[in-house]
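Q: Could you have a look at this structure, given as structure tokens, before my questions?
The values are calculated or read from the model by the stated rules, or taken from the named source; none is laboratory data. Quick caveat, the model's predicted, so the values are computed rather than measured. A quick note on method: Cβ atoms are made from the backbone with ideal geometry, for glycine too, and the neighbour counts reach across all protein chains shown.
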Amino acid sequence: MAHIESGGSGRKTSLELNLVPFIDLMSVLITFLLITAVWSQVSMIQIGSSIYGKKTDTAPAPPPPDADVVLKLEVKAAGYFLTVGKQLMSLPLIDNDYDEAGLVAQLEKAKQQYPNKVDAVIMMQDEIPYERLIKGMDGLLKSGFTSISVATGGPN
């Protein structure tokens, strides 16, 4: 603590400056800065490589011919929308519930068409519960798409 004594004509003045609240404030501000700085740059998360093993340091294999085909699963309030290449498939809600079995069936058909395809992108609107994202990812994993990217779904 800081301590100042000034005396003049026999009178002592003592002033103590308490630095503990200032240090507490600075530690909270630094923590807040670090947390917001890290998460403001994340727009897509790759989860496939961390779950299914480490990558080897060998030379990368040439991409399979199915690598150019886009497989995108959109989770919306109206149901699932699956895009495989240029083909768009709609899986609407059944009795106000998402069609999980239909999704897996369509994903397995896509896997049969493109057996070397392992990557997929899943997108979700902000107002949809997080559980729907997990169910969509589970459907992709069950169908053999092990490299899943999560992206923002946008305002649609």
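Q: For the list (1) modelled with pLDDT of 85 or more; (2) surrounded by fewer than 16 Cβ atoms within 10 Å (Cβ to Cβ); (3) outside any strand (DSSP E or B), I need the number of the one condition that L88 fails.
A: (3)
Q: Tell me whether the range 48-63 contains one or more residues that are at pLDDT 60 or above, surrounded by 10 or more Cβ atoms within 10 Å (Cβ to Cβ) and not basic (K, R). Give the derivation first.
A: Just the residues of the range 48-63 that are at pLDDT 60 or above, to begin with: 58-62.
Restricting the remaining residues to those that are surrounded by 10 or more Cβ atoms within 10 Å (Cβ to Cβ) gives none.
No: zero hits.
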